[in-house]
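Enquirer: Quick one: the structure is below, and I'll ask about it shortly.
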Amino acid sequence: MMDVPSQQTSVPLSALRAGDTALVVGIAAEQMAAKRLADLGFVPGVRIKLIRRGAPCIVRIEGTRIGLGTRLQESIHTVPA
Amino acid sequence: MISPSKPQPGEPSSDHPTSEATTAGAVQSVARSLEILAPARHVALVGNPNTGKTTVFNKLTGFRHRVGNYPGVTVERRTGMMRAQGDVPPLEITDLPGTYSLAAGARDEAVVLEVLLGHQPDVHRPDIIVCVVDASNVARNLFLTTQVLELGRPVVIALNMMDVAERHGISIDVDAFSHDLGVRVVPIVANKGKGIRELKEAIGEALHRGVTNRCLDFPDCVCAELDGLCLSMSDNGGSPDRESARVEALQTLLGPGGYHETRMIARCGKAFADELVERRQRITEQGENVVEIEAKVRYAWIDRVLANVVATGDEHVSRSDRIDRVLTHPVSGLVVLVIIMGVCFQAIYSWAAPLMGAIDAFAGSAGEFVRHVMPAGALRSLVVDGMIGGAGAVLVFLPQILILFLFIAVLEDCGYMARVAFLLDRWMRRFGLGGKSFIPLLSSFACAVPGIMATRIIDDRRDRLTTILVAPLMSCSARLPVYVLLIAVFVPATPVLGGLLNMQAVTLLIMYALGAVVAIPIAWILKKTVFKGPPQSFLMELPGYKRPSVRTVLHRMFDQGRAFVVNAGTVIFAVSIIVWALAYYPRPAAVAKEFGAKRQAVEASFAPRLAATDLSEDAKQELETARHQQLVELDRQEEGAYMRASILARLGKWIEPAVRPLGWDWRIGTAVIASFPAREIIVATMGTIYNLGTGEDETSVSLRQKLHEATWPDGRKVFNVPVALSIMVFFALCCQCAATLAIIKRETNSWRWPIATFTYMTVLAYIGAGLTYHVATWLT
């Protein structure tokens, strides 16, 4: 996982609180969903901010707001930062 | 890692234009001097969703364009001509669907890359690609841009929404940007028309200059596998040029489980699949993640480029975020949504009513006019009942559809539509659908045609087809006349709920709810069977709010309105004429003879009395009126007799055994067949069948009376409450609407889905009507 913090301390995006910022450390989704997330910028090392919790939630990434359903939120592993 | 694309022998590159590029330039200038002879050049417009790409397209083409479908997929194809300007030749522009990446999970998403590579049948490979980038969100937009730069075509970047970027405190060094990407970057504000002229010039310039794109490098381990894969693919008939082959190889190699992989394996066979696995294995052994590597490399490159190009203002809570605090809140968001939808529906019903009345009256008086100027006969009947009636049936819904489209266009353009999908996703998910299905289904309460057109926002094909298939179950406004007529005649106005409502209102409410309630299990079953597959988790950008552009909104509204008239209209019109012919012919001579004799008898009975010399003016007037009335009554009876002798009535009698379990006689069966083009026609058909002549509507007292009086041959009354309910339930659930079927055909690009929709809904309607009849009979 290169220079990002280890996955042991990571929590899924769904466990963050609204307003928290975090670094993405890994994505554990089915291949096509993972590819879709990656192409939108969800790659290890990227900083995100959870704007609204819930299903779906709102995440700020690379200057845009993205709505994410439950399964996708759970597949994104983050380290609060 | 920033570097120009590796120059290959014999290929134009940014730094050292080769002889071939010069030759190409010479050819182009010859072509320019012979402009009339030159074949049209093609431009493709690509970009992320919500970048104002369609506004750019409209500005470049001056709002003149054609809309169609790509063969084999459900994706809209929009093309237009950009007029010559200065030394820029006329160009054909294709507006490709908005996308975040060239990677594709399904066929519909693959259209963008297929067109760009020239693989899409009937579509020219673009000579130049214009990439629309949202200046307020450059990083994410550049992902697609870097993919597009690798296609080996000249690229121009339209940096749109510069005003929004400025407001957010973002400043962009356009020259440095242009230099780093190796292509012209043109700052524009498309909705204000700023920079469009410069964009056109840049397109012309790029056409002459050829490929100057700078591309990024992938790690060696990926490059080695890509080169190898390109070789294997070219053995199996891959893309002719190097860049296309490489892009295809990249999407195949780095998109496991995606469309390009599936397609290549289907073409190249099992050995290729094994080769792919091995190549990915080798990348993984180098410590790279196959799924993430493309994004990782591209975003790293983008970040480095942008570090010198883009200066962002202070981190601040944007206006959109503040609005979202209310509008995406699970409680206040829903309250606002309900209010907006309430206003929208109120407008659709109340604003449209006078216009619909006017169109109806106009069609009516046009019919009357023709009736007076043309001699009686088949041709007059064709014009009045077939053509004017058919056109009226289409146009009467136009006001509602335009108002609905107006609201959809405003909500979409200001960015609210994404919030609707966001808010309702959790609710729609319970029925197996996603949040994006809500607006199409809600629109279908006005009319299924715009509802089905609105399903274009649903990107999951299975969700979209499920929504299309259940949309016609929503109680559209064409069902209302049927309900109004039958409820007024047969349902007593008994007060219920302590006088708060009466039985008639309750029945109407139940009829309205019925379709939506039935749609829930149908959607659920469809998603479990025909459209089975892993449910797609919600993934959608929530774009920033912006003031909707009047021109864009009006343009979209009229565009959709025209699509309705052209697509639905022609079908309703054609089917109306067929049904007219079925109801008009064969005009047996016996009927003419019988009524000729009856007319003579009337004349004969009046003639001596009118001829009497001692008649006062008043008495004479009275006799004339009576004579006239009897003759008009005979005309009506004759129309009815012809109708009962028509092919349509024979069909009705033929299906009577089938409709008897529903409590219907052949006349109801006939009226139901006649209402195939559009449900509301049943009211007029019943009018004719029951000897009332044409021109009856649901509020006509005489039609109501006739329905009460109709009997079976043994003297029993045909109509009673169970029969009326059974007809209403049938119409609530059936798909007697040629326009809906035509639009399903257009949107799905296949006859399979309209046929499936018609079949399942008719079966459902038949069973529902039968059950209703028997239960209601048993209860009363």
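Enquirer: So how far apart, in nm, are the two label points at B:Thr759 and B:Trp351 if each is 7 Å from Cα heading toward Cβ?
Expert: About 4.1 nm separates the two model spin labels.
Enquirer: Please grab the % of Cα pairs in chain B that end up more than 37 Å from each other.
Expert: The share of Cα pairs beyond 37 Å in chain B comes to 53 percent.
Enquirer: Let me ask something else about it. By how many nm would the segment from B:Arg551 to B:Met503 lengthen if fully extended, with 0.36 nm per residue of separation less the alpha-carbon distance?
Expert: Gain in length upon complete extension: 12.6 nm.
Enquirer: Then there is this: Could you give me the ³J(HN,Hα) list for region B:472-478, computed from phi with Karplus coefficients 6.51, -1.76, 1.60 and θ = phi - 60°, whole Hz, x at Gly and Pro?
Expert: Result, ordered by residue: x, 6, 5, 6, 7, 5, 6 Hz.
Enquirer: What shape does region B:587-645 have by the C-alpha gyration tensor, where a ≥ b ≥ c are the square roots of the eigenvalues, rounded means a/c under 1.5, and otherwise prolate means a/b greater than b/c and oblate the rest? Mind dumping the intermediate values first?
Expert: On the way: a/c = 6.69, a/b = 2.46, b/c = 2.72.
Since a/c reaches 1.5 but b/c is at least a/b, the shape of region B:587-645 is classed as oblate.
Enquirer: Oh, and also: List B:Ile525, A:Ile27 from most exposed to least, where exposure is judged by having the fewest other Cβ atoms within 10 Å. Mind dumping the intermediate values first?
Expert: Details: B:Ile525 13, A:Ile27 22.
Listing B:Ile525, A:Ile27 from fewest to most nearby Cβ atoms yields B:Ile525, A:Ile27.
Enquirer: Of the beta bridges DSSP finds with both residues in chain B, what % are antiparallel, to the nearest 5?
Expert: On the way: 19 of 38 bridges.
Of those bridges, close to 50 percent are antiparallel.
Enquirer: Give me B:Arg429, B:Arg325 sorted ascending by neighbouring Cβ count inside 10 Å, so fewest comes first. Kindly include the intermediate steps, with their values, before the conclusion.
Expert: Working: B:Arg429 19, B:Arg325 13.
Exposure proxy ranking, most exposed first: B:Arg325, B:Arg429.
Enquirer: Right, here's the next one. Please list 3J(HN,Hα) in residue order for region B:285-302, calculated via the Karplus relation 6.51 cos²θ - 1.76 cosθ + 1.60 where θ = phi - 60°; whole Hz, with x for glycine and proline.
Expert: Going residue by residue, I get 5, 7, x, 9, 9, 4, 6, 8, 4, 4, 5, 4, 5, 5, 5, 5, 5, 4 Hz, with x marking Gly and Pro.
Enquirer: Under a 5 Å amide H to amide H cut-off, with H placed in plane at 1.01 Å, what residues pair with A:Arg65 once short-range neighbours are removed?
Expert: Amide H to amide H, under 5 Å and 5 or more residues apart or across chains, A:Arg65 pairs with B:Leu542.
Enquirer: Where q = 0.17, 0.20 Å⁻¹, what log10 of I(q)/I(0) comes from the Debye formula for region B:188-247, counting one point per Cα?
Expert: After summing over all Cα pairs, the log10 values are -0.75, -0.82.
Enquirer: To continue, here is another question. Please identify the longest segment of chain B free of exposed GluC sites (Glu not before Pro), where exposed means a DSSP state other than H, G, I, E or B and no more than 14 other Cβ atoms within 10 Å.
Expert: That gives B:316-780 as the longest site-free run.
Enquirer: Which of B:Asp87, A:Asp20 has the fewest other C-beta atoms within 10 Å, and how do the rest follow up to the most?
Expert: Final ranking by Cβ density, sparse to dense: B:Asp87, A:Asp20.
Enquirer: Give me, ordered by chain and number, the residues 5 or more places off B:Val183 or on other chains with an amide H under 5 Å from its own placed amide H.
Expert: For B:Val183, whose amide H was placed from the backbone, the distant partners under 5 Å are B:Arg214.
Enquirer: Now, a different point. Could you tell me the calculated FRET efficiency between B:His628 and B:Ala574, based on Cβ-Cβ distance and R0 = 45 angstrom, to the nearest 0.05? Write out the running numbers ahead of the final one.
Expert: Numbers: r = 38 Å, r/R0 = 0.83.
About 0.75, to the nearest 0.05.
Enquirer: Moving to a separate point now. In whole percent, what relative contact order does region B:322-392 give with Cα contacts below 8 Å and a gap of six or more residues?
Expert: Relative contact order of region B:322-392: 22 percent.
Enquirer: Counting just the Cα atoms, what span does region B:40-209 cover along each of its three principal axes? Round to the nearest Å and put the largest first.
Expert: 45, 38, 27
Enquirer: Can I ask one more? Past the 36 angstrom mark, what percentage of all C-alpha to C-alpha distances in the protein assembly as shown do you count?
Expert: 56 percent
Enquirer: Hey, what do the phi angles of region B:734-740 turn into as Karplus ³J(HN,Hα) couplings, whole Hz, using 6.51/-1.76/1.60 and θ = phi - 60°, x for Gly and Pro?
Expert: 7, 10, 7, 7, 4, 4, 4
Enquirer: With contacts defined as alpha carbon pairs under 8 Å and 6 or more residues apart, what's the relative contact order of chain B in percent?
Expert: Relative CO of chain B lands at 10 percent.
Enquirer: Which distance in nm do the two modelled labels at B:Ala658 and B:Glu205 give, with both placed 7 Å along the Cα-to-Cβ direction?
Expert: 6.8 nm
Enquirer: Once the Cβ-Cβ distance between B:Leu610 and B:Ala376 is put in as r, and R0 is 22 Å, what FRET efficiency do you end up with, to the nearest 0.05?
Expert: Values: r = 24 Å, r/R0 = 1.11.
Once the sixth-power term is evaluated, E becomes 0.35.
Enquirer: Just subtract the alpha-carbon distance of B:Leu779 and B:Ser234 from 0.36 nm times their residue separation and send over the number in nm, one decimal.
Expert: Full-extension gain reported as 188.8 nm.
Enquirer: Same structure again: Scan around B:Val156 for amide H atoms under 5 Å from its own, H built in the peptide plane at 1.01 Å from N, and keep only partners 5 or more places away or cross-chain.
Expert: Sorted by chain and number, the residues that satisfy this are B:Ile129, B:Val130, B:Cys131.
Enquirer: What are the trypsin sites (Lys or Arg not before Pro) within region B:705-780 that DSSP puts in a loop, where the Cβ has at most 14 other Cβ atoms within 10 Å?
Expert: For trypsin sites (Lys or Arg not before Pro) across region B:705-780 that sit outside H, G, I, E and B with at most 14 neighbouring Cβ atoms in 10 Å, the list reads B:Arg716.
Enquirer: While we're looking at this one, here's another question. Where does chain B land at 222 nm, in deg cm²/dmol rounded to the nearest 500, when only DSSP H runs of n ≥ 4 count, each adding -39500 (n - 2.57), divided by all residues?
Expert: Values: 35 runs with 473 residues, N = 780.
Computed ellipticity for chain B at 222 nm equals -19500 deg cm²/dmol.
Computed from the coordinates by the stated procedures, all read-outs in this text should not be read as laboratory data. As the structure is a prediction and not an experimental result, all values here were calculated from the model. With ideal geometry, Cβ positions are generated from the backbone for all residues, glycine too; neighbour counts draw on all protein chains shown.
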